[in-house]
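To start, the structure under review is shown below, and the notes come after it.
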Amino acid sequence: MDNIFSIAAFYLLGLVILGSAILVVMLKNLVHCVLWLAVTFIAVAGLYMLLDADFLAMVQILVYAGAVCIMMVFAVMLTQRKDMKSSSLFNAQFRSAGLVAFLTAALSAYLAMRTAWTSTVMPVPPRTAEAIATLMLTKYVVPFEVAALLLLVALIGAIILAKEVKADD
Amino acid sequence: MVENIFVGFAEWLRSLLAAAGLPALFGDIVLMIVKVAGILAFIAISVLWIVYMERKMAAYFQARIGPNRVGPRGLLQTAADMGKLISKEIIIPRAADKIVFLLMPVLIFVPSLLLFAVVPFGKNMIAVDLNVGVFYFFAVASVSTIIFWAGGWASANKYALIGAMRAVAQMISYEVPMVLAILGVIMIVGSMKMSDIINAQQNVWFIFTQPVAFIIYVIAATAETNRTPFDLLEGESEIIAGPFIEYGGMGFAMWFLAEYANLILVSVLATTLFLGGWLAPFGLTFIPSWVWFLLKIYFMIWVFMWFRWTYPRIRVDQLMNFGWKVLVPLSLANIFVTGIGMFIYRAIGW
């Protein structure tokens, strides 16, 4: 983060992320929201790339822009009403929504203030994927396995829901 | 001499700009623009040629002659077709979501173009030799699924929507065995860099050490590029043209272009991972590395075309069953066997 290009890229990406995220919340058509969400995810991957975390950036694109958005698409398509307008509903509960939004913002601001933002002069190792893989299978093997187990449980749950266990068998 | 023709040209351009007293940054930018222009030219010419090749091959498979009127042996047929598509009126259905409808055929080409950045055209001929090259390939390719879907959705046509949903289901399902199959190769190499993977095949190509992975990859790649026998999303007899049904003229041409660019890309990955990339077989090194690379990708393209004109289309449920119940377990078993094999290999100490 020293030369003019990285600074320009950072602010440009920040602008894209904030702009598209606001559009995700504000737009009235659910499908447009999903498409803008994909833009947000890809721009976040750009931030990771700016920090030389290329493996993380690729995971961000593959998992979020590639898979999570598709899952949203399935959700939108499976719950769609007759026309797009009646499935993209707005409500008038501004007060409770505003309270939740304010509390979330306040909490993140508080945590951001409390965190000691240490930055090291150490350069990023050239091969981050290997380092992440080693850590995942040594120091963090238990959380890694727990996450895998959680996904398996979700998978089995989804299969049972889709199969509809019948009373007679 | 011929081997280094492109690398030499890049060096010459860089030194020319440096000699003119311009800063190195300017030289880098110019070189990047030249690389992108070169890749674009490569895609355009390849697609023109591959479409002609596909039509000619289809004709021979069906005992016809194929395009033979425009130019010598019909060689200019696709150029003429492109001219026709460009000059056609763009028709937007009244119910369509206009912006998304017009934007998606443009965007579908973006992932394909981005992927060409890591294509190892020859020795020292990769535009960007990323550390996570293969992973980049899958990550960026996965974005095209949502673009396919958005294009089909925006058309506001029931066949387009069915085709789009089929595209999503199919591409997500076959991405899983494809990535898992390639993991076998990555395990052996220990790197995701394109050049490392090719250099690891100096002695033996991975098609011989990872034959199961190669077969799974080719099947999944056929499904990913939506070609017969997995072209359900554009099955003419049921849903006419799937997501592209409302597109005409240049909009259709962009979908078409991206489809053939993706065909080149899956062939590139097959060549890089399993067929030794730019490496010359039998020590025939007097033929330049980039010629070998082109020969190998055209061999793979030919194989994919051979599939297309040989097999009938399968049903949706067959497609899903085959992907999840055959290819995924098989690719997981391949990873398991590869791991054991690597341990035995190390224990023997070859």
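The values are calculated or read from the model by the stated rules, or taken from the named source; none is laboratory data. Keep in mind it's a predicted model, so treat the numbers as computed, not measured. Here the Cβ positions follow ideal geometry from the backbone for every residue, glycine too, while neighbour counts run over all protein chains shown. Each accessible area value is taken on the protein alone, full model and side chains, heavy atoms only, with ligands, DNA and RNA left out. Shrake-Rupley method; radii C 1.70, N 1.55, O 1.52, S 1.80 Å.
I want to verify a result. In a Gaussian network model of chain A, Cα cutoff 10 Å, which of these has the top mean-square fluctuation: A:Ile42, A:Ile17, A:Ile159? Answer for the Gaussian network model of chain A: A:Ile159.
Please give me the summed charge of the neighbours of B:Ile172: other residues whose Cβ is under 13 Å from its Cβ, Lys and Arg +1, Asp and Glu -1. Net charge in that neighbourhood comes out at -1. The calculated FRET efficiency for the pair A:Phe144 and A:Val63, based on their C-beta separation and a Förster distance of 22 Å, comes to about 0.90.
Taking a point 7 Å out from the Cα of B:Leu114 in the direction of its Cβ, the residues of region A:12-41 whose backbone N falls within less than 13 Å of it are A:38-41. Ranking B:Leu102, A:Val59, B:Leu294 by how far each Cα lies toward the positive end of the dipole of the protein assembly as shown (charges on Cβ) leaves B:Leu102 at the top. On full extension, the segment bounded by B:Ala347 and B:Ser87 gains 87.0 nm, given 0.36 nm per residue less the C-alpha separation. What a 1.4 Å probe finds exposed on region B:1-117 is 74% carbon and sulfur by accessible area, rounded to a whole percent.
Projecting the Cα atoms of B:Ile92, A:Leu27, B:Leu183 onto the dipole axis of the protein assembly as shown, where Lys and Arg carry +1 and Asp and Glu carry -1 at the beta carbon, places B:Ile92 farthest toward the positive end. Averaging 1/r across all pairs of distinct Cα atoms in region B:94-172 and inverting the result yields a Kirkwood radius of 13.9 Å.
Gyration tensor over the Cα atoms of chain A: the corresponding equivalent ellipsoid has semi-axes (square roots of 5 times the eigenvalues, largest first) of 33, 27, 18 Å.
Dipole check for the protein assembly as shown: with +1 at the C-beta of Lys and Arg, -1 at the C-beta of Asp and Glu, and the Cα centre as origin, the magnitude is about 740 Debye. For region A:113-169, the Kirkwood radius over C-alpha pairs fed into Stokes-Einstein at 25 °C and 0.890 mPa s yields D = 157 µm² per second.
Straight-distance candidates among the aspartates and glutamates for linking to A:Lys139, with alpha-carbon spacing under 18 Å and chain neighbours fewer than 8 residues away dropped: A:Glu130. When only the Cβ of Lys, Arg, Asp and Glu is charged (+1, +1, -1, -1), the dipole of chain A relative to its Cα centre reaches about 600 debye. By the Stokes-Einstein formula, at 1.306 mPa s and 10 °C, chain B with its Kirkwood radius over alpha-carbon pairs has D equal to 73 µm²/s.
On the basis of the beta-carbon distance and an R0 of 60 Å, A:Ala158 and B:Ala20 show a calculated FRET efficiency of 0.45. Per-residue accessible area (protein heavy atoms, 1.4 Å probe) orders A:Arg95, B:Arg166, B:Arg73, A:Arg127 as A:Arg95, B:Arg73, A:Arg127, B:Arg166, starting from the largest. Solvent-accessible surface of region A:1-81, averaged per residue with a 1.4 angstrom probe and all protein chains in place: 57 square angstrom.
Interface size, chains A and B: roughly 2200 Å² of accessible area buried, both sides included, 1.4 Å probe, rounded to the nearest 100. Every Cα-Cα pair of the protein assembly as shown was included, and the share exceeding 42 Å stands at 24 percent. Rounded to the nearest 500, the 222 nm mean residue ellipticity of chain B from helices alone is -22500 deg cm²/dmol, with -39,500 (n - 2.57) taken per DSSP H run of at least 4 residues. The mean accessible area for residues of chain B, using a 1.4 Å probe and ignoring ligands and nucleic acids, is 47 Å² per residue.
A simple spin-label model places the labels of B:Val106 and B:Ile45 2.8 nm from each other, with each point 7 Å out along Cα-to-Cβ. Think of each Lys and Arg Cβ as +1 and each Asp and Glu Cβ as -1; about the Cα centre, that makes the dipole of region B:95-348 roughly 380 debye. Taking every Cα-Cα distance in region B:248-300 and sorting them into 10 Å bins from zero, the calculated P(r) comes out as 25, 38, 21, 12, 3 percent.
The simple spin-label model puts a point 7 Å past each Cα toward its Cβ; for B:Trp302 and A:Phe94 those points are separated by 7.0 nm. The residue among B:Val7, B:Val128, B:Asn157 whose Cα reaches farthest toward the positive pole of the charge dipole of the protein assembly as shown, with charges on the beta-carbon of Lys, Arg, Asp and Glu, is B:Asn157.
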